[in-house]
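Participant: I'd like to ask you about the structure that follows.
The values are calculated or read from the model by the stated rules, or taken from the named source; none is laboratory data. As the structure is a computational prediction, the values presented were derived from the model and not from experiment. Ideal geometry is used to build each Cβ from the backbone, glycine not excepted, and the neighbour counts take in all protein chains shown. Only protein heavy atoms, including side chains, enter the accessible area calculation; ligands, DNA and RNA are left aside. Shrake-Rupley method; radii C 1.70, N 1.55, O 1.52, S 1.80 Å.
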Amino acid sequence: MNGNLLVIHADELATNRGFQARGVKAMNDLQIVRDGAVCIENGIITAVGETAAVMAAVDRQAFTVIDASGKAVLPGFVDSHTHFIFGGYRADEFAWRLQGMSYMDIMARGGGIASTVDATRQADLASLVRTGRQRLDAMLAFGVTTVEGKSGYGLDRDTEIRQLEAMAILEREHPLDIVATFLGAHAVPREFRDRAEAYLDFIMAEVLPRVAERRLAEFCDIFCEDQVFSIDQSRRLLHHAKTLGLKLTLHADEIVPLGGTELAVELGAVSADHLLHASDDGIRGMAKAGVVAALLPLTAFGLKEPYARGREMIDQGCAVALATDLNPGSCFSNSVPLLMALATLYMGLTPEEALTAITLNGAAAVGRADRVGSLEPGKQGDVVILAYPSYRFMPYHMGVNTVESVIKKGRLVFDQRQGGVIHAC
Ligand code: NIG
Ligand code: FE
């Protein structure tokens with residue numbers, strides 16, 4: 001296949017046209033076409049509309065044709081917050097949490113992120129690439145065509161860079177597009193215990209310049225949290241990262257209300273993520289400044305924490321994105337349908353808003369709304385076809401994968417009926 005593809009006769013073609021994040025009522029407007037078609041040439045969308053109109057304008061012989069009768073056709077999903085490159089697992093911690101230990105208790109005892117840091121430092125590049133590839137395949141099966149991935153399990157120069165190199169390799173060899181984020185400030189490593197400032201000095205002198213010079217990351221992130229990095233420390237690192245040309249994102253107000261949301265607004269971050277305890281001022285600020293509110297309800301679910309105030313954020317004018325937060329600790333799940341079920345059932349989003357949040361607004365959260373997140377001419381031919389006639393089946397069929405096939409840049413890369421992932425790229 002050459003990236004020339006026609007999808008025709010979709011019962012419901014949710015185009016979600018737009019080149020920037022949407023807030024308020026617009027998140028509900030999916031701009032659906034009935035009996036819809038998408039035409040992709042050389043990997044880029046060239047026409048979208050009713051099947052008859054699209055077909056009248058093209059030479060059918062030049063295309064691979066997929067008949068989507070009885071199916072919903074959607075933009076490829078953008079998972080804008082994950083930690084998918086890591087060594088080891090933490091199934092034991094899940095059991096400890098069930099017995100009443102909190103995420104922060106476990107972290108304070110040297111478990112949590114530190115335990116994954118030990119395993120990731122021991123993992124060589126080949127094994128990080130191998131496990132990363134498996135996780136990308138699993139994402140693709142859920143319709144994810146663009147994913148953000150973070151470092152943050154090295155907390156030393158070489159391992160942080162190795163995580164980013166693993167993503168660079170996977171970006172070249174796997175069909176998914178990967179947006180890499182430097183999260184060297186994910187925790188204070190043992191070597192710097194009680195010396196967070198010194199650790200930040202080390203990152204800023206030894207790691208970040210190399211990351212920026214080799215363009216190994218597009219974004220810089222920090223775990224801005226009580227007992228991890230303070231507001232002032234976060235400001236210092238992020239401000240420096242910005243001067244090196246990185247875009248900004250933050251783990252903000254996840255466990256306690258610290259003011260990370262306001263900091264994201266102050267620094268002009270592209271997104272602020274988690275936001276379980278975002279303040280009213282922070283929410284208003286995000287709406288005004290156009291900071292995407294990236295909500296991660298699978299994590300709240302997994303940690304038994306209260307959900308972020310998604311409904312209120314949208315009503316206040318925020319552009320809300322939804323992402324999985326896939327990681328080995330707080331949230332070992334990359335289930336897009338479960339994410340959508342939680343967002344609709346517990347955060348008050350409509351199914352339409354949830355779809356916008358995982359497509360166009362997810363794209364905006366990683367600075368790529370100019371390329372992906374909707375079906376319209378000029379964007380990449382990244383398309384999801386469901387086995388059901390409506391996107392509404394995604395939250396409704398709770399936690400069950402309704403994706404039948406996935407097209408990346410005009411090529412079929414996943415087809416449930418052909419046994420799953422096809423590495424055609
Ligand atoms: O987004 N909160 C910090 N980082 C991750 C969890 C990482 C881990 O527990 O390994 C999160 O929840
Ligand atoms: Fe995270």
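Participant: Among the residues of region 212-256, write down those that are among the hydroxyl-bearing types (Ser, Thr, Tyr) and either within 16 Å of ligand 2 (Cβ to nearest atom) or farther than 17 Å from residue 195 by Cβ (or both).
Facilitator: Listed by number, the residues that qualify are 234, 243, 249.
Per-residue answers, yes or no, for (1) open to solvent by less than 10 Å² (accessible area, probe 1.4 Å); (2) touching a strand residue (DSSP E or B) at 6+ places or on another chain (Cβ under 7 Å); (3) within 16 Å of ligand 1 (Cβ to nearest atom):
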residue	(1), (2), (3)
52	no, no, no
89	no, no, yes
108	no, no, yes
111	no, no, yes
116	yes, no, yes
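Participant: So for region 351-367 (the condition being over 26 Å from residue 269 (Cα atoms), in contact with a helix residue (DSSP H, G or I) (Cβ under 6 Å, 6 or more places away or on another chain) and open to solvent by less than 10 Å² (accessible area, probe 1.4 Å)), does at least one residue qualify?
Facilitator: No; the residues of region 351-367 include none that is over 26 Å from residue 269 (Cα atoms), in contact with a helix residue (DSSP H, G or I) (Cβ under 6 Å, 6 or more places away or on another chain) and open to solvent by less than 10 Å² (accessible area, probe 1.4 Å).
Participant: Now for a different question. Looking only at residues in region 203-242 that are under 16 Å from residue 268 (Cα atoms) and open to solvent by 30 Å² or more (accessible area, probe 1.4 Å), which one is nearest to ligand 1 (Cβ to nearest atom)?
Facilitator: This residue is 231.
Participant: For residue 19, state whether it is in a loop (DSSP other than H, G, I, E, B), of a type in the set (A, V, I, L, M, F, W, C) and open to solvent by less than 20 Å² (accessible area, probe 1.4 Å).
Facilitator: So residue 19 fails the test.
Participant: Quick check, is residue 171 away from ligand 2 (no atom under 16 Å from the Cβ), assigned to a helix (DSSP H, G or I), in contact (Cβ under 8 Å) with a residue 40 or more places away in the chain and among the acidic types (Asp, Glu)?
Facilitator: No.
Participant: If you don't mind, another one. Only one of these conditions is not met by residue 236: (1) in contact with a helix residue (DSSP H, G or I) (Cβ under 8 Å, 6 or more places away or on another chain); (2) without any contact (Cβ under 8 Å) to a residue 40 or more places away in the chain; (3) under 21 Å from residue 305 (Cα atoms). Which number is it?
Facilitator: Only one criterion in (1) in contact with a helix residue (DSSP H, G or I) (Cβ under 8 Å, 6 or more places away or on another chain); (2) without any contact (Cβ under 8 Å) to a residue 40 or more places away in the chain; (3) under 21 Å from residue 305 (Cα atoms) is unmet by residue 236, namely (3).
Participant: While we're looking at this one, here's another question. Could you tell me whether any residue of region 61-77 is assigned to a helix (DSSP H, G or I), at negative phi, outside the structural domain of residue 159 (by TED's automatic domain parsing) and at pLDDT below 95?
Facilitator: Yes: region 61-77 contains one or more residues that are assigned to a helix (DSSP H, G or I), at negative phi, outside the structural domain of residue 159 (by TED's automatic domain parsing) and at pLDDT below 95.
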